[in-house]
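Colleague: Have a look at this one.
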Amino acid sequence: MIGEVVWDVRREVLAIVTGRLGRYWWLRPLGGGREWNAGPDEVRSLPAPGTYGKEQATVPALPVADDALACRLGTTTREDMAYYTRLLREQVEVLLGAGVPQETADAARALLDSPPSCEEPAFAAYAHMQDLARLLRQHLRREDEASAARCDAAKCEAARHEAARCEAASYEAARHEAAS
């Protein structure tokens, strides 16, 4: 498991396993940085490639995009870029399958249809990974905002119905009292 990329449930980030002490795993963020330890119940192995669209993904899309955007060109290996790109491509394919606005679908298809080759410089792979992450993050943030707006509208509608119900109940009580 040392050297494997895993999902830290508590911190909600992808990390590389750098060691083990007792039952605790030592993890380091993919983009580099300070290590931390995590218990065995906080570390999840990633699903096999290509399984994200077939079952519920265990790695949420927004943290994957944010982690990829946190990578720096000078400190991220080509292997890490390829790994993130694979995760992001799978998430974007899931996004396309879920039905997205035409503008987002066109941008996603353009990115999926033009991956950099292995012969291109590392910057091309880095830029492609970053573009995928930005597209995914922008779409998910727009979806969150739209979902929050729908939730607020539903709360307003429920409050209006409750106010109308209370008004009708008080009117009925006043009418009943007047009749007595």
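Colleague: Calculate the tail of P(r) for the stretch 75-133: the fraction of all Cα-Cα distances greater than 12 Å, expressed in %.
Modeller: Looking at the stretch 75-133, the distances longer than 12 Å represent 66 percent of pairs.
Colleague: Give me the accessible area of residue 45, 1.4 Å probe, in Å² rounded to the nearest 10.
Modeller: The accessible area comes out at roughly 70 Å².
Colleague: How far apart, in nm, are two points set 7 Å out from the Cα along the Cα-to-Cβ line at residue 73 and at residue 134?
Modeller: For residue 73 paired with residue 134, the spin-label model returns 1.3 nm.
The values are calculated or read from the model by the stated rules, or taken from the named source; none is laboratory data. Since the structure is predicted, the reported quantities are computational estimates derived from the model, not experimental observations. Cβ coordinates were reconstructed from backbone atoms using ideal geometry, including for glycine residues, and neighbour counts include every protein chain displayed. Just the protein is used for accessible areas: all its heavy atoms, side chains included, with ligands, DNA and RNA removed. Shrake-Rupley method; radii C 1.70, N 1.55, O 1.52, S 1.80 Å.
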